[in-house]
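The values are calculated or read from the model by the stated rules, or taken from the named source; none is laboratory data. Remember, predicted model here, so these are calculated numbers, not experimental data. Cβ: placed from backbone, ideal geometry, glycine included. Neighbour counts: every protein chain shown. Just the protein is used for accessible areas: all its heavy atoms, side chains included, with ligands, DNA and RNA removed. Shrake-Rupley method; radii C 1.70, N 1.55, O 1.52, S 1.80 Å.
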Amino acid sequence: TTFRTVSFGVTHLHRDRALGMPAKRNASSSAASKAKVRKVVDPVVAAVDEVCKMVEKAPSSQSPDLVVQTARITLPLVKEDRTSIHNQVIDMVRKALAAPKAAIEAEQKEVQRIIADVDQQRAAAAKVLESAKAVLEAKTTANSEASELLATAIAKAKEEAAKVKPIVKQKNTADAELKSMEDHLANIHGMKETLVTPIHECDKNSKQAADKIVAFLKKAPNSDPSLCASAAGVLNKKPADFSQFELIARDYVGKFLDGSAAQAEKDISEQKAKIATICESMADNVNAQKALEAAKAAAEKAESEMEEAQTAVSDATEKSDDIERNFISAESNREVLVFEMESFNSANAAFETLLARSSAPPPEPEPVAPAPAESTVEATLPVSATDVI
């Protein structure tokens, strides 16, 4: 009965001891043994590390590795242990530390400028964007109107083209007839030129020229057959051998050609008048085509101006977005630069502390004179007869 009243922990402990097993370790003592011992950092080493890290970040004309290596040797030394070479290293470190400070200050100045000017830049960008949108709206309307006019011009041109189709065929025929008439007139002028220059003097071409004139006379509707019969013999003779009749015949051929030329010129004039009348009937089609070309040019111009306006709006929007992005970046950079300046100040303070280290004992504080004790004044009161002493 007594064994059962013992707690379970004690029961197991007694059981383990009875079996020869080692006792279990306490959980709290095990955790304490596993706890890491906090490493003690030498403040001098920590200060040197802080300065060297800042030197490594600094842009310098000298090798940063060389500066850091010599700084790790020099900075832990107290004043009394430094040589002139150590002092040169200290100057190198001081110059290296000046660079990040100047860079941080320059960036802070630029960030402050961006933040200070953001409202003015926003207002200016908003004004440009608003103006660009207004221009785009106007150009879009103009482009829509130009497109409508172009559609109307296309429809009108198709309508007039359908109407003028048979007239165009008539004009093409008239143009071909006019070309034939002009060629006929040119042929007559050529034959007249042949009569002026005696053809028999050119042996090679005399018979061809004479045959050409004879053929023309035979085809002419109003020519005299006797003239045609005598023309071949007359045209192939020398002028000195012409008889009186042959001279008359030759002159008659020339007059006949003159009359034929006059008739040809008259026919040409009438044909041109006919073509002019046809062209007048085609005026609506011509005007429709001109209107179509003008509408196409206006539509292309309106579309080009609208695209330029769209580009201007896109550029103005991008400019406004750039201002906001720059502002957000400046706000973020400002916080980063504050941290960087604090890091620099900490490293610079560590540098100055290292430079001030000395092996000499610190000066003893001046003795402080004790404060004068307050004087106590005892007042003597008169004793009356009734007081108990």
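Quick notes on this structure:
- Seen from SER332, the other residues with C-beta closer than 14 Å to its C-beta sum to a net charge of -4, counting Lys and Arg as +1 and Asp and Glu as -1.
- Test item: Cα-centred dipole of the range 266-365, Lys/Arg +1 and Asp/Glu -1 on Cβ, debye: 560 debye
- For the range 65-151, carbon and sulfur atoms together expose 57% of the accessible surface, with a 1.4 angstrom probe and every protein chain in place.
- A Förster radius of 35 Å combined with the Cβ-Cβ distance from LYS57 to ALA123 puts the calculated FRET efficiency at roughly 0.35.
- Cα-based Rg of the range 244-315 normalised by 2.2 N^0.38 Å, two decimals: 2.63
- Charge dipole (debye, nearest 20) of the range 96-199; +1 at Cβ of Lys and Arg, -1 at Cβ of Asp and Glu: 180 debye
- Flagged links, alpha-carbon separation over 27 Å, of LYS165/LYS272; LYS179/LYS296; LYS133/LYS156; LYS169/LYS218; LYS139/LYS296; LYS109/LYS133: LYS179/LYS296; LYS133/LYS156; LYS169/LYS218; LYS109/LYS133
- Burial order of peptide ranges 111-117, 218-224 (average beta-carbon count within 10 Å, highest first): 111-117, 218-224
- Percent of C-alpha pairs per 5 Å bin, the range 259-368, short to long: 2, 8, 5, 6, 5, 5, 5, 5, 5, 5, 4, 4, 4, 4, 3, 3, 3, 3, 3, 3, 3, 2, 2, 2, 2, 1, 1, 1, 0, 0, 0
- Note on SER84 and PHE339: with the Förster distance fixed at 35 Å, the Cβ-Cβ geometry gives a FRET efficiency of about 0.40.
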